[in-house]
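**Student:** Please read through the structure below; I'll follow up with questions.
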Amino acid sequence: MNAKYEPKDIEPKWQDQWAKAKAFKTPTTLEELGTKPKFYILDMFPYPSGAGLHVGHPEGYTATDVVARLKRMLGFNVLHPMGWDAFGLPAERAAVRENLHPAKITKRNVDNFRRQIQRLGFSYDWDREVDTSAPDYYRWTQWIFLKLYEKNLAYIAEVPVNWCPALGTVLANEEVKDGKYVETGDPVERRMMKQWMLKITAYAERLLTDLDGLDWPAGVVEMQRNWIGKSEGAEVKFKVDGADASFEVFTTRPDTLFGCTYCVLAPEHPLVAKISKSPEVAAYVAAAKNKSDLARTELQKDKTGVFTGAYAVNPANGKKVPIWVADYVLLSYGTGAIMAVPAHDERDFEFAQKFGIEVIQVVKGGEKLPYTEEGAAMNSGFLDGLPTPAAKAKMLEWLEQQKLGVRRVQYRLRDWLFSRQRYWGEPFPIVHLEDGKTVALPESALPVALPPVDEYKPTNDGKPPLARAGDEWLMVTLPDGRKGVREVNTMPQWAGSCWYYLRYLDAKNDQAAWSPELEKYWMPVDLYVGGVEHAVLHLLYARFWHKVLFDCGLVSTREPFQKLFNQGMILAYSFQDAKGKYYSPQEVEERDGKAYLKATGEELKSQIEKMSKSRYNVVSPDEVIDAYGADAMRLYELFMGPLEQVKPWQMTGVAGVSRFLERVWRLVVDTETGAVSARVTNDDEASDPELQKVLHRTIQKVEADTLGLRFNTAISGMMSFVNEATAAKKLPREVVKKLLRVLSPYAPHLAEELWSRLGEQPFVCQQAWPKFDPALVVDDVIPYAVQVNGKLKAEVRVPVAAVEAEVRAAAEGDEKVKAALAGKTLRKFVFVPKRLVNFVVG
């Protein structure tokens, strides 16, 4: 047996033994689960890219693994699975480059990710592993789509999309900036295309109100609220002057209607062509088509617009107001038209200033315009003098009486564009018939598997890659004899990640997506951990699908994820010369706190940035494990700082926690012989009362801090105890065994090895968590703050049971307090038990 701590020998050994024993397998039936409490802890599963993991990825995985291990030791049934969000464009691009099927590339990447993750000793139940690109998985994604289709929540519409000719696919608004795809720089143009849409807007109110019962970060909840964007107000009708035409606008401030001095139509608004034949307007409309919604509504952008030559009639006062066309108004939001009140809206004010349009103040308040807050109505006829809430109510009432407007609730949320012109995605279980009708395939026809194609590119006439499949796949004859052609778009990558947490419940079930009984037992997810980059879309889409499934009677909870936690990003140092060229850390040396290029001695700029191959600052888990072991990496990931903070990676920090693990090793193992250290005795735990007290406080602290996700302070507590234990002359065996159980969730391989060397079995990870003795964690003495006239002068420590007179005597005996009281008359003595005393003197 090794006398020295050698992670490279210890860690593979215990990983192999855990796997053979299926140490982390979760029971699969209700009978096996029994009456134990449950804890479902979930990582946001990764996209298996070709680059593999860097050290930032396992931070969240390490945190959830520590909690999962602790919860098992506390007597919970724990569901802690892992899988792969495996569809998507990168694998398709790699397939084109390498002339390999995307499934082969995905398998290669998944195998590498799994290998890297398993090297870290995470306690996943690998029998529940899922892959969203596997037919036995996406069969059920297609089945859920059929449920959406049956409820009329899936439909085809012609919509403006971001089309990337180079990639031959539609991109989401978030993927486009300045007319280019953010990842590749390829140009993007706007096109009208028939697309599958999901009616997420039908669930807008529930998606909003149900946020109230969730234990989520406040920032994420706010981002969801803003994305849904509920507005309450009025829809007001404006007639076009001198024409048999009108349009509606939505406003949250109907009280400002008297201040409307112009109206704006979206370039795509059907009324534009009717009221204006101007070539200038036509050119402006054409140019707007190639801009994304995001680019058009950017608050900082220079406002552009064209006067149509037509006028509308302000329904409040009968005045004629000019109608403009401007691209900051979107047809997809609200009514595609706005009433502009420049005195009380910043964007309208900028536009009016630029184009010389009248500004009329109708709300009192503020020193300058635009004034966007509430106030009293002015220049507003029958509203004058009313505060904003009353003015809103009166104007709404008047509009409805005059049949010029109605109360409306509006949402910023748009229906979800759900189709992609790609190969590597879920095929739709849909057939387009010869008579133009669209029909869903029966469940018995699932999965609709991806067909072989000669290339993964769109066809020469612009059809998606699935159109390259032969007639054997494309052409379908239904049981009733009708013929049609399959849908050739595929679903977006979001589809598989909308419900994967449900498949984990019953991953091997080939008769149903999940067992209703197991769903009732396990749901909702108790703790969901992942990056804040998924704060809006993934969470919103998954919540939407879950609510649809709830309405179908297929799940028992209204929400899927009860508690959400976002881990902070791990950054890394990068090094640049004066020209901006990056260098790898291996090419750099540090002298006197500065970075220099080894080859030339040139001083380099050192900074902390996001890990990127182009910056040469990506740190692979493999290199860390090779150098220091998995336990050291796990510990460092969590010791760097609070889990939610952004932190820089430093290999010197890994070396530091590695030394701590070596100290734990030396507590138990004689580093000369490899035998159990002679310091480990069979004495009673209470034989060293001070060490026993520190141990029980450590047990209490590590349990509370771990459950509170304060991992760095839990590790500090263990380090403090090891310092005490190292200084002790002898270590009772029971003390060491409790230490190893406490250490086990954090450094499982080392704990397992030392547990075994003590002759204990089975695994330490399967032992019960040690209970602390409440009597041993109570302080014998406690601090009291001592104030004079409310100002802190000293702190005294007294026995916890000390009465007022004893605390006062201790305070008066302090030299600083004596000096502060000298020559003064005591007016009052204030005693706050277990906290402070205050001498009020004059």
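The values are calculated or read from the model by the stated rules, or taken from the named source; none is laboratory data. Everything numeric in this text was worked out from a predicted model, so none of it was measured. For neighbour counting, all protein chains shown are included, and Cβ atoms are generated from backbone atoms with ideal geometry for every residue, glycine included. The accessibility values were calculated without ligands, DNA or RNA, using every heavy atom of the protein model including side chains. Shrake-Rupley method; radii C 1.70, N 1.55, O 1.52, S 1.80 Å.
**Student:** Which aspartates and glutamates, if any, have their Cα less than 16 Å from the Cα of residue 303, not counting same-chain residues under 8 positions apart?
**Tutor:** 178, 293, 327, 345, 346, 348, 350
**Student:** Quick one: if the Förster radius is 30 Å, what FRET efficiency do residue 768 and residue 678 give, using the C-beta to C-beta distance and rounding to 0.05?
**Tutor:** Efficiency at R0 = 30 Å is approximately 0.60.
**Student:** What's the angle, to the nearest 10 degrees (0 to 90), between helix 537-551's Cα axis and the longest principal axis of the chain?
**Tutor:** The two axes meet at around 80 degrees.
**Student:** About the Cα centre of segment 247-388, how large is the charge dipole given +1 on each Lys and Arg Cβ and -1 on each Asp and Glu Cβ? Please answer in debye to the nearest 20. Intermediate results must be reported in sequence, preceding the final value.
**Tutor:** Numbers: 14 positive and 17 negative charges, 99 e Å.
Using only the charged Cβ atoms, the result is roughly 480 debye.
**Student:** If you count the DSSP beta bridges with both ends in segment 508-663, what percent of them are antiparallel, to the nearest 5?
**Tutor:** In segment 508-663, approximately 65 percent of DSSP beta bridges are antiparallel ones.
**Student:** By a straight-distance test (C-alpha under 12 Å), which aspartates and glutamates pair with residue 194 as possible cross-link partners, with residues fewer than eight away in the same chain excluded?
**Tutor:** Counting by Cα, and skipping residues close in sequence, residue 194 has these aspartates and glutamates nearby: 158, 487.
**Student:** What is the ratio of the Cα radius of gyration of segment 103-196 to 2.2 N^0.38 Å, where N is its residue count, to two decimals? All intermediate terms of the calculation are to be shown ahead of the outcome.
**Tutor:** Values: Rg = 18.7 Å, N = 94, 2.2 N^0.38 = 12.4 Å.
Expressed relative to 2.2 N^0.38 Å, the Cα Rg reads 1.51.
**Student:** Would you work out the relative contact order for segment 557-640, in percent, from Cα pairs under 8 angstrom that are 6 or more residues apart?
**Tutor:** Working: 93 pairs, mean separation 22.0, N = 84.
Dividing the mean separation by the residue count of segment 557-640 yields 26 percent.
**Student:** I've got another one for you. Provide the percentage of antiparallel DSSP beta bridges, counting only those with both residues in segment 261-362; round to the nearest 5. List each step's numbers first, then the result.
**Tutor:** On the way: 9 of 12 bridges.
Beta bridges within segment 261-362, antiparallel portion: roughly 75 percent.
**Student:** Here's another thing I want to ask about it. Express the relative contact order of the chain as a whole percentage, based on alpha carbon pairs under 8 Å and six or more residues apart in sequence.
**Tutor:** Details: 1522 pairs, mean separation 111.7, N = 842.
Result for the chain is 13 percent.
**Student:** What is the distance in Å between the Cα centroid of segment 67-138 and that of segment 168-227?
**Tutor:** Taking the Cα centre of segment 168-227 as reference, the centre of segment 67-138 is 25 Å away.
**Student:** Measuring with a 1.4 Å probe in the full set of protein chains, what accessible area per residue, in whole Å², belongs to the chain?
**Tutor:** Working: 37770 Å² over 842 residues.
I get 45 Å² per residue for the chain.
**Student:** As a test of the definition: which semi-axes, in Å, follow for segment 210-279 when you take the square root of five times each eigenvalue of its alpha carbon gyration tensor? Largest first, please.
**Tutor:** Values: eigenvalues 272, 49, 19 Å².
Square roots of five times the eigenvalues give 37, 16, 10 Å.
**Student:** Under unit Cβ charges (Lys, Arg +1; Asp, Glu -1), what dipole magnitude, rounded to 20 debye, does the chain have relative to its Cα centre? Please list the in-between numbers first.
**Tutor:** On the way: 109 positive and 112 negative charges, 215 e Å.
Around 1040 debye, computed over the chain.
**Student:** Hey, of [x] 109, 87, 48; [y] 90, 87, 51; [z] 100, 89, 68, which did the structure itself give for Cα extents along the principal axes in Å when calculated?
**Tutor:** Read-out taken from this structure: [z].
**Student:** Additional query: Among the lysines in segment 672-789, how many pairs, 8 or more places apart or on different chains, have alpha carbons under 14 Å apart? Don't skip to the answer; put the middle values down first.
**Tutor:** Details: 693/701; 693/738; 693/771; 701/738; 701/771; 737/771; 738/771.
Number of lysine pairs found: 7.
**Student:** So if each residue of separation counts as 0.36 nm, and I subtract the Cα-Cα distance between residue 614 and residue 4, what length gain in nm does that give?
**Tutor:** My answer for the length gained is 215.7 nm.
**Student:** Still on this structure: Lysines within cross-link reach of residue 239: Cα-Cα under 20 Å, excluding same-chain residues under 8 positions apart?
**Tutor:** Once the sequence-local lysines are set aside, what remains near residue 239 is 274, 277, 319, 320, 403.
**Student:** Here's a follow-up. So how much accessible area does residue 36 have, in Å² to the nearest 10, using a 1.4 Å probe?
**Tutor:** We get 100 Å² for residue 36.
**Student:** Each label point is 7 Å from the Cα along the Cα-to-Cβ direction; what then is the distance between the points at residue 158 and residue 828, in nm?
**Tutor:** Distance between label points: 8.1 nm.
**Student:** Tally Lys/Arg at +1 and Asp/Glu at -1 over every other residue whose Cβ is under 10 Å from the Cβ of residue 696; what's the total?
**Tutor:** Numbers: positive: 693, 697, 701, 738, 771; negative: 685, 773.
Taking every other residue near residue 696 into account, the sum is +3.
**Student:** Helix 102-118 against the longest principal axis of the chain: what's the angle in degrees, Cα atoms only, rounded to the nearest 10?
**Tutor:** In the chain, helix 102-118 runs at an angle near 30 degrees to the longest axis.
**Student:** Under a crude label model (7 Å from the Cα following the beta-carbon direction), how far is residue 598 from residue 777 in nanometres?
**Tutor:** Using points 7 Å along Cα→Cβ, the separation is 4.9 nm.
**Student:** Out of segment 147-223, which trypsin sites (Lys or Arg not before Pro) are coil in DSSP terms and have no more than 14 other C-beta atoms within 10 Å?
**Tutor:** When the trypsin sites (Lys or Arg not before Pro) of segment 147-223 are filtered for loop state and at most 14 Cβ neighbours within 10 Å, 151 remain.
**Student:** Related question: When the helices in the chain are scored as -39500 (n - 2.57) per DSSP H run of 4 or longer and the sum is shared across all residues, what 222 nm value do you end up with, to the nearest 500 deg cm²/dmol? Each step should come with its number before you reach the end.
**Tutor:** Numbers: 28 runs with 286 residues, N = 842.
Rounded to the nearest 500, the figure is -10000 deg cm²/dmol.
**Student:** Follow-up question, since we're still on this one. Taking Cα atoms, how many degrees apart are the long axis of helix 218-228 and the longest axis of the chain, rounded to 10 and kept between 0 and 90?
**Tutor:** On a 0 to 90 degree scale, this one is about 20.
**Student:** I've got another one for you. Assign unit charges at the C-beta atoms only (+1 for Lys and Arg, -1 for Asp and Glu), then state the dipole size of segment 185-239 relative to its Cα centre in Debye, rounded to the nearest 20. If you can, show how the numbers build up before the last one.
**Tutor:** Details: 9 positive and 9 negative charges, 108 e Å.
Roughly 520 debye, rounded to the nearest 20.
**Student:** I would also like to ask the following. Taking segment 150-185, which GluC sites (Glu not before Pro) meet the DSSP loop condition and have no more than 13 other C-beta atoms within 10 Å? Mind dumping the intermediate values first?
**Tutor:** Numbers: sites: 150, 158, 174, 175, 183; in loops: 183.
Loop-located and lightly packed - 183.
**Student:** Looking at the chain, send over the antiparallel percent of its DSSP beta bridges, to the nearest 5.
**Tutor:** Values: 83 of 108 bridges.
Of those bridges, close to 75 percent are antiparallel.
**Student:** What distance in nm separates the two pseudo spin-label positions at residue 537 and residue 724, each 7 Å out from Cα along the beta-carbon direction?
**Tutor:** 5.1
**Student:** Keeping all protein chains in the complex and leaving out DNA, RNA and ligands, what accessible area do you get for residue 248 with a 1.4 Å probe, in Å² to the nearest 10?
**Tutor:** Spelled out: residue 248, probe radius 1.4 Å, area about 70 Å².
**Student:** Please compute the contact order of segment 87-229 in relative form: average sequence separation of alpha-carbon pairs under 8 Å and at least six residues apart, divided by the residue count, as a percent. Walk me through the numbers before you get to the answer.
**Tutor:** Values: 107 pairs, mean separation 23.0, N = 143.
Once divided by the residue count of segment 87-229, the mean separation gives 16 percent.
**Student:** Moving on to the next point. If 658, 756 are ordered by their accessible area, calculated over protein heavy atoms with a 1.4 Å probe, which sequence runs from highest to lowest?
**Tutor:** On the way: 658 10, 756 50 Å².
Result of the area sort, largest leading: 756, 658.
**Student:** Measure out, as a whole number of angstrom, how far apart the alpha-carbon centroids of segment 564-593 and segment 324-341 sit.
**Tutor:** Comparing the Cα centres of segment 564-593 and segment 324-341, I get a distance of 46 Å.
**Student:** Also: Lys and Arg at +1, Asp and Glu at -1: add these up for the other residues within a Cβ distance under 13 Å of residue 37 and post the number. Mind showing how you got there, number by number?
**Tutor:** Details: positive: 36, 38, 71, 72; negative: 526.
So the surrounding residues net to +3.
**Student:** A further question follows. Which whole-number percent of Cα pairs in segment 210-335 have a distance greater than 26 Å? Present the calculation step by step, with values, prior to reporting the outcome.
**Tutor:** Numbers: 2549 of 7875 pairs.
For segment 210-335, the share of Cα pairs beyond 26 Å comes to 32 percent.
**Student:** Put +1 on the Cβ of each Lys and Arg and -1 on the Cβ of each Asp and Glu in segment 66-213; which of 76, 204, 90 then has its Cα farthest toward the positive end of the dipole?
**Tutor:** Of the options given, the answer is 76.
**Student:** Along the charge dipole of the chain, Cβ charges K/R +1 and D/E -1, which of 625, 44, 133 sits furthest on the positive end?
**Tutor:** 44
**Student:** Okay, next question. So how far, in whole Å, is the C-alpha centre of segment 703-723 from the one of segment 234-259?
**Tutor:** Going from one Cα centre to the other spans 62 Å.
**Student:** Same structure, new question: Taking +1 at the Cβ of each Lys and Arg and -1 at the Cβ of each Asp and Glu, which of 676, 497, 26 sits farthest along the dipole of the chain towards its positive end, judged by Cα position relative to the Cα centre?
**Tutor:** So the residue furthest toward the plus end is 497.
**Student:** Next question, about the same structure. I'd like the carbon and sulfur percentage of the solvent accessible area for the chain, probe radius 1.4 Å, heavy atoms only, ligands and nucleic acids excluded. Could you put the intermediate results ahead of the total?
**Tutor:** On the way: 19190 of 37770 Å².
That fraction is 51 percent.
**Student:** Stretch residue 670-residue 178 to full length: gain in nm at 0.36 nm per residue minus the Cα-Cα span? Mind dumping the intermediate values first?
**Tutor:** Values: separation 492, 0.36 × 492 = 177.12 nm, distance 6.51 nm.
Between residue 670 and residue 178, full extension yields an extra 170.6 nm.
**Student:** With r defined as the distance between the Cβ atoms of residue 384 and residue 353 and R0 fixed at 30 Å, what FRET efficiency is calculated, to the nearest 0.05? All intermediate terms of the calculation are to be shown ahead of the outcome.
**Tutor:** Values: r = 26 Å, r/R0 = 0.87.
Efficiency, from the Cβ-Cβ distance: 0.70.
**Student:** Please list the radius of gyration and Dmax for segment 149-207, considering alpha-carbon atoms only, with Å as the unit.
**Tutor:** 14.0, 39
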